[in-house]
Amino acid sequence: MTAQPATASLMRSINRSAVLDLLRQESPLARTEIARRLNLSLPTVMRIVDELLTEELVRPLGHVASRRGRPRAMLEFSGDAHAVIGIDLGGVDWIGAIANLTGAVQHEIKLPGNGPDAEANLERLLALIEDLLAVPLEEGQTVRGIGVGVPGLTNTNDGIVAYAPSLGWRDLPLREILSARFTAPVFIENDVNLAALGEWGFGAGRGAQSLVCISLGTGMGAGIIQDGAIQRGFHRAAGEIGYLVPGPERLGQPYASFGHLESLTASAGIVARAAQARAAEGIPVGNGHKLTSDEVFEAARAGAGWAQTTVAETADYLSLAVLNVATLLDPELIVLGGSAARWADDLIEPMRRRLTDVMLYMPRLEASPLERRAAVMGAIMLVLNGTTEAVVARRLT
């Protein structure tokens with residue numbers, strides 16, 4: 001007869017997670033308001049709040065007058081009392097930061113990418129964490145945990161990086177290595193999943209029930225969030241939308257290091273298509289200069305025909321990805337993130353025009369306000385959830 005205690009324990013964890021998340025997003029709140037909003041009994045809320053006060057995750061915030069009865073004691077999320085180290089190893093640059101649980105970045109370090117040298121990248125990561133730990137914290141703070149976003153397939157339960165080609169890592173027990181060196185709890189996650197979690201917690205997805213974050217830069221991928229939980233898939237490869245094919249002509253054709261759609265829409269693909277468009281117009285690059293994707297978007301805004309053609313094609317390819325993702329998952333929101341978020345104004349409106357009449361339900365399309373910090377913000381949520389044993393309950397409607 002062990003089923004009932006397990007069920008009761010699970011419900012306690014779900015209720016605790018719901019109370020903490022409500023306070024994180026909407027404090028200050030009174031206990032009675034928390035009970036009403038979450039449809040919980042007041043004794044249950046009082047017990048959970050007492051636990052959170054003991055753990056210094058919430059704190060009292062005085063009293064406010066009540067229209068009926070005694071003044072109400074208010075509570076607020078005490079996110080500034082805790083620090084998190086968040087690291088994003090994806091993209092052209094590495095980003096490491098110290099932030100508190102409210103999302104305020106206290107210190108940040110950026111490093112250029114290092115190529116696929118496995119040993120050198122590991123040593124570099126260890127040195128980056130050491131440097132961040134050496135930064136003085138705000139008074140009373142301690143490091144609650146370390147969250148690392150890795151551009152590749154990760155086994156989050158075991159903290160193993162199964163495959164990260166840009167770093168040269170395969171079957172690397174990263175959490176074990178970091179835990180042997182540092183005392184703070186360590187959490188490992190795919191970088192795009194982490195970016196999606198950051199958008200849900202602090203960015204465009206605050207308050208959304210479900211979202212997909214499409215990250216476009218040196219690569220292409222998507223992170224899927226449902227009710228605050230990352231959806232990873234059977235092989236932990238959910239969201240690898242760079243491997244979609246843009247048309248039947250690609251079927252049966254092997255991909256190289258990039259998936260077929262990624263080879264067209266990631267930075268290298270944009271530059272390659274732009275070079276073809278320039279050649280078609282008889283325009284030489286000149287002086288051996290190699291274009292960047294940013295220069296393509298800048299030229300499009302300046303009125304260059306070849307660049308406008310390239311950007312329009314990019315919007316079309318992204319529209320195909322959005323169409324596939326939205327049709328399968330029906331998310332409330334799709335966020336365009338990564339370095340492409342800087343150029344979202346050039347992409348999102350054309351995508352809306354192309355998609356409006358061909359979809360059953362059009363999700364909201366928004367640019368990431370977090371851009372390259374999205375994964376660092378996701379690390380905050382990852383550490384908070386991991387160190388509070390957060391459990392989310394799926395909504396029924």
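Of the options (i) 26.7, 91; (ii) 21.6, 67; (iii) 23.0, 80, only one is Rg and Dmax of the Cα atoms in Å as computed from these coordinates, and that is (iii). For segment 141-152, the Karplus equation 6.51 cos²θ - 1.76 cosθ + 1.60, evaluated at θ = phi - 60°, returns couplings of 7, 10, 7, 7, x, 10, x, 10, x, 10, x, x Hz by residue, with Gly and Pro reported as x. A cut-off under 14 angstrom between Cβ atoms defines the neighbours of R236, and their net charge, with Lys, Arg +1 and Asp, Glu -1, is -4.
Taking every DSSP beta bridge that has both residues in the chain, what percent is antiparallel when rounded to the nearest 5?
For the chain, the DSSP antiparallel bridge percentage is about 60.
Rank E281, E199, E108 by accessible area, highest first, at a 1.4 Å probe radius?
So, going from the largest accessible area down, we get E281, E108, E199.
Using +1 at the C-beta of Lys and Arg and -1 at the C-beta of Asp and Glu, which of V311, T327, A344 has the Cα lying farthest in the positive direction of the dipole of segment 291-397? Of the listed residues, the answer is T327.
Convex hull volume of the C-alpha atoms in segment 119-210, normalised per residue: 125 Å³.
Distances between placed amide hydrogens fall under 5 Å for S215 paired with G221, A222, G223, G337, all partners being 5 or more residues away or on another chain. Ignoring ligands, DNA and RNA, what percent of the accessible area of segment 75-187 is carbon or sulfur (1.4 Å)? C and S fraction of accessible area: 50 percent. Take the Cβ atoms of S13 and D50, set R0 to 25 Å, and the FRET efficiency comes out at 0.95. Extension gain, N324 to A73: 0.36 nm times the residue separation minus the Cα-Cα distance gives 85.5 nm. Axis of helix 3-26 versus longest Cα principal axis of the chain: the two differ by about 70°, to the nearest ten degrees.
FRET efficiency for R353 and R250, Cβ-Cβ distance as r, R0 = 25 Å, nearest 0.05?
The calculated FRET efficiency here is 0.50.
Couplings for segment 165-175, taken from phi via the Karplus curve 6.51 cos²θ - 1.76 cosθ + 1.60 with θ = phi - 60°, read x, 5, 9, x, 9, 9, 6, 8, x, 5, 4 Hz in order; Gly and Pro are left as x. What is the local net charge at N157, summed over the other residues whose Cβ is closer than 12 Å to its Cβ (Lys, Arg +1; Asp, Glu -1)? After counting each charged neighbour, the total is +1.
Reported to the nearest whole Å, the Cα centre-to-centre distance from segment 132-197 to segment 97-118 is 11. Helix 305-329 and the longest principal axis of the Cα set of the chain meet at an angle near 40°. Excluding ligands, DNA and RNA, what is the solvent-accessible area per residue of the chain at a probe of 1.4 Å, expressed in Å²? About 49 Å² of surface per residue is accessible.
Close amide H pairs (under 5 Å, H built 1.01 Å from N) link W94 with L111, G113, residues at least 5 positions away or on another chain. In a DSSP loop and with at most 10 other Cβ atoms within 10 Å, the chymotrypsin sites (Phe, Trp or Tyr not before Pro) in segment 310-380 are Y361. Simple spin-label estimate for R170 and A302 gives 4.4 nm between the two label positions (7 Å along the Cα-to-Cβ direction from each Cα).
The accessible surface of segment 261-369, taken with every protein chain in place and a 1.4 Å probe, is 53 percent carbon and sulfur. Taking the alpha carbon gyration tensor of segment 229-307, multiplying each eigenvalue by 5 and rooting it gives semi-axes of 31, 15, 11 Å, largest first. The modelled label-to-label distance for the pair D158/D117, using points 7 Å beyond Cα in the direction of Cβ, is 2.9 nm.
Each residue of segment 47-62 was assigned a 3J(HN,Hα) from its phi angle through the Karplus curve 6.51 cos²θ - 1.76 cosθ + 1.60 (θ = phi - 60°); the sequence is 5, 5, 4, 4, 5, 5, 5, 4, 7, 6, 8, 10, 8, x, 9, x Hz, with glycine and proline shown as x.
Rolled with a 1.4 Å probe across the full set of protein chains, the surface gives T44 an accessible area near 30 Å².
Sort segment 232-274 into rounded, prolate or oblate with this rule: let a ≥ b ≥ c be the square roots of the eigenvalues of the Cα gyration tensor; rounded if a/c is under 1.5, and if a/c is not under 1.5, prolate when a/b is larger than b/c, oblate otherwise.
The shape class here is oblate.
The values are calculated or read from the model by the stated rules, or taken from the named source; none is laboratory data. Note that the structure is a prediction, hence the values are computed from the model and not measured. Cβ coordinates were reconstructed from backbone atoms using ideal geometry, including for glycine residues, and neighbour counts include every protein chain displayed. Surface accessibility is based on the protein's heavy atoms, side chains included, excluding ligands, DNA and RNA. Shrake-Rupley method; radii C 1.70, N 1.55, O 1.52, S 1.80 Å.
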